[in-house]
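A.B. asks: The following block contains the structure, expressed as structure tokens.
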């Protein structure tokens, strides 16, 4: 009986040792995975988003602007989580200099946003708001800025300006809803349309939301390396994805207005 009891105890002790070893291994694996997941990984991420009417900004217009999901990852856990949440996610790894530039842009984001709104209001040629120092002009800028608080970036400048032209002239470029018109691009002080980021995701967003006409910056001529151009990237995305949306490249606000006024 004693031998059987000793053998039983031996087996129990062995099983306990195996359980301890297994638990220790699991603990080590868990710690290892945690360390890997929390390893620094700085990358800008961009994913498709949606479209919003300029009416949400208090503008009496029919056009839309696009917005995308974007931000910065700090570790691999954040990257994996984002990949599970969004489709068409793109990650752009950032080195130390890129990270500094990104953080600077984030700090200056509100200023860039206000600049494009100021330029949009001025470019839309409001006679009563022609003086940028007048109370009417400043009030209009404040109203749009305040209404756009939930949106980051300055890429909606062009569409704000188009909406304001509609409001000023009591026009409806959508032809009573015949066309869904959207676009992207900053508005510069000289009425030119500035280049933006995330052109691929914005085009896919437009396609997914039934946009008929989508404006982009006409910027090919400004790049020595034309692969950096919004215009060139858009051409590639259209070819790769077989998009149905009609993409129109414009250099200035006036180009966009002329195009819209000549729609059938």
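The values are calculated or read from the model by the stated rules, or taken from the named source; none is laboratory data. Being a predicted model, the structure only gives us computed values, none of them experimental. Cβ atoms come from the backbone with ideal geometry, glycine included; neighbour counts cover every protein chain shown.
A.B. asks: Scanning for something more than 19 Å from residue 61 (Cβ to Cβ), more than 15 Å from the chain's Cα centre (by Cα) and in a helix (DSSP H, G or I), does segment 164-174 turn up at least one residue?
C.D. replies: Of the residues in segment 164-174, the ones more than 19 Å from residue 61 (Cβ to Cβ) are none.
No: zero hits.
A.B. asks: Scan segment 73-97 for residues that are part of a helix (DSSP H, G or I) and touching a residue at least 40 places away in the same chain (Cβ under 8 Å) and jot them down.
C.D. replies: Passing the criteria: 76, 77, 80.
A.B. asks: Here's another thing I want to ask about it. Could we say that residue 50 is at pLDDT 90 or above and either part of a loop (DSSP other than H, G, I, E, B) or at negative phi (or both) here?
C.D. replies: Details: at pLDDT 90 or above: yes; either part of a loop (DSSP other than H, G, I, E, B) or at negative phi (or both): yes.
Criteria met by residue 50.
Yes/no matrix, rows are residues, columns are (1) loosely packed, with under 13 Cβ neighbours inside 10 Å; (2) over 17 Å from the mean Cα position of the chain (by Cα); (3) over 24 Å from residue 182 (Cβ atoms):
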| position | (1), (2), (3) |
| --- | --- |
| 72 | no, no, yes |
| 93 | yes, no, yes |
| 108 | yes, no, yes |
| 115 | no, yes, no |
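A.B. asks: Keeping to segment 201-217, report how many residues are crowded, with 22+ Cβ neighbours inside 10 Å and within 28 Å of residue 125 (Cβ to Cβ).
C.D. replies: Taking segment 201-217 first, the residues crowded, with 22+ Cβ neighbours inside 10 Å are 201-206, 211, 214-217.
Checking the rest, the ones that are also within 28 Å of residue 125 (Cβ to Cβ) come to 202, 206, 211, 214-217.
Qualifying residue count, segment 201-217: 7.
A.B. asks: Any residue in segment 100-109 that is touching a strand residue (DSSP E or B) at 6+ places or on another chain (Cβ under 7 Å) and not in a loop (DSSP other than H, G, I, E, B)?
C.D. replies: Within segment 100-109, one or more residues are touching a strand residue (DSSP E or B) at 6+ places or on another chain (Cβ under 7 Å) and not in a loop (DSSP other than H, G, I, E, B).
A.B. asks: Could you please give the count of residues in segment 187-200 that are buried (at least 24 other Cβ atoms within 10 Å of the Cβ) and not in a strand (DSSP E or B)?
C.D. replies: Keep residues of segment 187-200 that are buried (at least 24 other Cβ atoms within 10 Å of the Cβ), which gives 187, 193, 198-199.
Next, only the ones that are not in a strand (DSSP E or B) stay: 198-199.
The total comes to 2.
A.B. asks: Of 234, 239, 182, which residue is part of a helix (DSSP H, G or I) and in contact with a strand residue (DSSP E or B) (Cβ under 9 Å, 6 or more places away or on another chain)?
C.D. replies: On the way: 239 fails: in contact with a strand residue (DSSP E or B) (Cβ under 9 Å, 6 or more places away or on another chain); 182 fails: part of a helix (DSSP H, G or I).
Only one candidate passes the filter, namely 234.
A.B. asks: Let me ask another. Which residues, counting only those in segment 164-181, are buried (at least 24 other Cβ atoms within 10 Å of the Cβ) and closer than 19 Å to residue 49 by Cβ?
C.D. replies: The one that is buried (at least 24 other Cβ atoms within 10 Å of the Cβ) and closer than 19 Å to residue 49 by Cβ: 181.
A.B. asks: Another one. Test each condition in (1) farther than 24 Å from residue 49 by Cα; (2) within 21 Å of the chain's Cα centre (by Cα) for residue 241 and report the one that comes out false.
C.D. replies: The one condition residue 241 does not meet is (1).
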